[in-house]
Amino acid sequence: MNELFFENHAIVVPGDKLATGHFKYGSGVVRQDNNYYATVVGLFRDRGDYISVKSLKGKYLPRAGDLVIGLVVDVGLTNWILDIGSPYVGVLTSMNAVTKRFDPVMADARKIFDVGDIVLAKIVAFDRTKDPNLSTKERGLGKLKGGRVIEIEAAHIPRVIGKKGSMINMIKRLTRCQIITGQNGRIWVQGKKIQDELRAIEAIKKIEREAHTQNLTNRINEFLNSKR
């Protein structure tokens, strides 16, 4: 007989007994005999005969197709190394950064991206055997000028975005800020006024703290309206 000991989306910690019986199980869960235990701090997910725990902590693990916000930490003759908040660094080559042929003898890579620049890039390849390759050639990618960058747990980015972008679009509308979210947990915020930026950041931090709770969109709406 199958039995669950936690409700869907409950917070669990390593060692918590989640269920007993016969279940399919995914990340964050280990099976011993017919008992299932949590291995990470996270949200318990019950999908009928399938259970898992979504981690609320941990470094960002790159995936091909992800948009990331990186910090340029080194410049080579024909490439740039970016800190992307991961155990791996991002590698951006001139071939993936500029549309024209790049000649390192005639051109200076630092005039394109320099140490300290904040860059929005896309991961084009990653297989865990070498650092991920990045690209900035698509429209909208490249250096982010002005504004400020904050960092939250990467696992909470989907909550900040919301279903079909509902949460992030609401924050943009109520704060009049431009906001770009990276899948690596970094978020760029730029407003016409510092106060607007700070309100947006407050709301994002509140989402991170309360990501496990219900009716969060309504509370963020009320929070932002109370700060206007």
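The values are calculated or read from the model by the stated rules, or taken from the named source; none is laboratory data. In this text, all values refer to a predicted model and were calculated from it rather than measured experimentally. Virtual Cβ from ideal backbone geometry, glycine too; neighbours counted across all protein chains shown. Quick note on the areas: whole protein, heavy atoms, side chains included, nothing else; ligands and nucleic acids left out. Shrake-Rupley method; radii C 1.70, N 1.55, O 1.52, S 1.80 Å.
Odds and ends about this structure:
- Loop-located trypsin sites (Lys or Arg not before Pro) across the range 22-115 with a Cβ neighbour count of 15 or fewer within 10 Å are Arg47, Lys57, Lys59, Arg63, Lys100, Arg101, with loop assigned by DSSP.
- The chain: translational diffusion in µm²/s, Stokes-Einstein, Kirkwood Rh over Cα pairs, 4 °C, 1.567 mPa s: 66
- Solvent-accessible area per residue, Å², over the range 3-55 with all protein chains present [probe radius 1.4 Å]: 55
- Accessible area (Å², 1.4 Å probe, nearest 10) - Met95: 140
- Translational D in µm²/s for the range 148-227 (Stokes-Einstein at 20 °C, 1.002 mPa s, Kirkwood Rh from C-alpha pairs): 175
- Take every pair of alpha-carbon atoms less than 8 Å apart whose residues are at least six positions apart; their mean separation over the length of the chain yields a relative contact order of 15 percent.
- 3J(HN,Hα) along the range 25-31, derived from phi through the Karplus expression 6.51 cos²θ - 1.76 cosθ + 1.60 where θ = phi - 60°, amounts to 9, x, 4, x, 10, 10, 10 Hz, with x in place of Gly and Pro.
- Each Cα pair under 8 Å and six or more residues apart adds its sequence gap; the mean of these over the residue count of the range 3-55 is a relative contact order of 39 percent.
- Counting only protein chain heavy atoms and rolling a 1.4 Å probe, the accessible areas of His212, His22 rank, largest first, as His22, His212.
- Scanning the chain for long hydrophobic helices, with DSSP H runs required to stretch 20 angstrom or more by C-alpha along their axis and to average at least 0.5 on the Kyte-Doolittle scale, returns nothing.
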